[in-house]
Amino acid sequence: MKLSLNMKLFLLALIPLMGLLYFAGTKLYDEYQYKHTLEKIKNGMEFNQEISNLIEAIQKERALSIHFLAQKKEFDEKLLTQRKEVDKTIEDVDKFTNNVDLSVFPKEILPKIDAVLSLVSQINEQRKYIDNLNISTDSVLDYYSAINSELLDLLSLTVKSSYHDSKLSSLLYAYTLFMPINEVADLKRMVLLESMESGGIKHNMFIKLIQTITEQDLLHKEFSNTLPTDIKNRLKSILNEDSSTDEERIKILSLQDGENDIQNIDIHEWYNAANKKSIALKNAQKEFLNDVFNEIDKSSSKSLYGVIIAAVVILLTLILFVSIMFHLPEFKFQMDYFRSKMRRRFKSWAEY
């Protein structure tokens, strides 16, 4: 059968049309998958918010408990109020874990949740020891810090499988580092609070202080290396605020005799500086979280735009394909033959 010129042109155009359909279809699939991944990331960040709220609530209870033990009080209304706040936040996290689809997260998250729940289940017993002044500040620090350590591991797992080669990737990774920075800064504040209340830095607290300052510096460096420039500039002053001063104070303490000897060191000034930094970090954390959600929304909008563009390209390509086919003489002949055949068949059925 000899092909017409129009049919030959159609066949020549068919290959690029099919290629266009393939690439548009691939783009549609990729953008749809990416949008689905962004939804997973958003769920993870919402879970992160619940965990972050619990970490902050426990930090507050830890501080009030240390103050209570140092003052040897019989009753502390603020501590009781904060305990209720922690209990409520624990319930909120528990409700969230029951309602969220945990299968979208790495499988390691389930044993980590069990580890957190195991530690949290001991909180009432620990509180009784505190109320009876039957526990050391070291033990209080270790217990509450152990809970937050497990919570921080849990937090990092919620975005572990969500990294991408993009600004969002660096933001998510930096956020998993920012929370430990916040916790280490608060832990340093707790050590200084205990030392201030007791009137001196005990040997074990001095060791904890060195550990927290060393860990803080390491986290600062890793955190700064992962940040986008605009966020790095915004947080630089907060992160580097007291690094050199801490080092100088540690050197002075190392040269002094006696674990309670804090001459030449203004412990109140040191605590106030640590407290100021801790508050600044908590405020920065909220801004940081907004940056992450804004980037997720921005990426989601771009992805949706990509899905729409790809779908429109596929639709227009199909319309063009069908339009060309209907204008081909061979196709028109086949259609006319088919219509004629169907008319005859309907006519015979009607006569029957």
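We did not get these values from a lab; they are worked out from the coordinates using the rules stated. Owing to the predicted nature of the structure, the values given are computational and were not obtained by experimental measurement. In this analysis, Cβ positions are derived from the backbone assuming ideal geometry, glycine residues included, and neighbour counts consider all displayed protein chains.
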Loop only by DSSP, 11 or fewer other Cβ within 10 Å of the Cβ. Give me the trypsin sites (Lys or Arg not before Pro) in the stretch 84-121 that pass, ordered by residue number.
K107
Find, among the GluC sites (Glu not before Pro) in the stretch 87-140, those assigned to loop by DSSP (not H, G, I, E, B) with at most 12 other beta-carbon atoms within 10 angstrom.
E108
Long-range amide H contacts for I135: which residues qualify at under 5 Å (H placed 1.01 Å from N, peptide plane, sequence gap of 5 or more or a different chain)?
none
Greater than 18 Å apart at Cα, pairs in K78/K128; K128/K188; K40/K88; K236/K282:
K128/K188; K40/K88
Got the relative contact order for the stretch 9-310 handy, in percent, Cα pairs under 8 Å and 6 or more residues apart?
27 percent
Please work out the Cα center distance from the stretch 50-67 to the stretch 95-162, rounded to the nearest Å.
12 Å
Chymotrypsin sites (Phe, Trp or Tyr not before Pro) within the stretch 57-157: which are DSSP loop residues with at most 15 other Cβ atoms inside 10 Å?
F75
For the stretch 170-179, Karplus couplings with θ = phi - 60° (6.51, -1.76, 1.60), whole Hz, Gly/Pro x
5, 5, 5, 5, 5, 5, 5, 8, 5, 4
What is the stretch 89-216's relative contact order, in percent, from Cα pairs under 8 angstrom and six or more apart in sequence?
24 percent
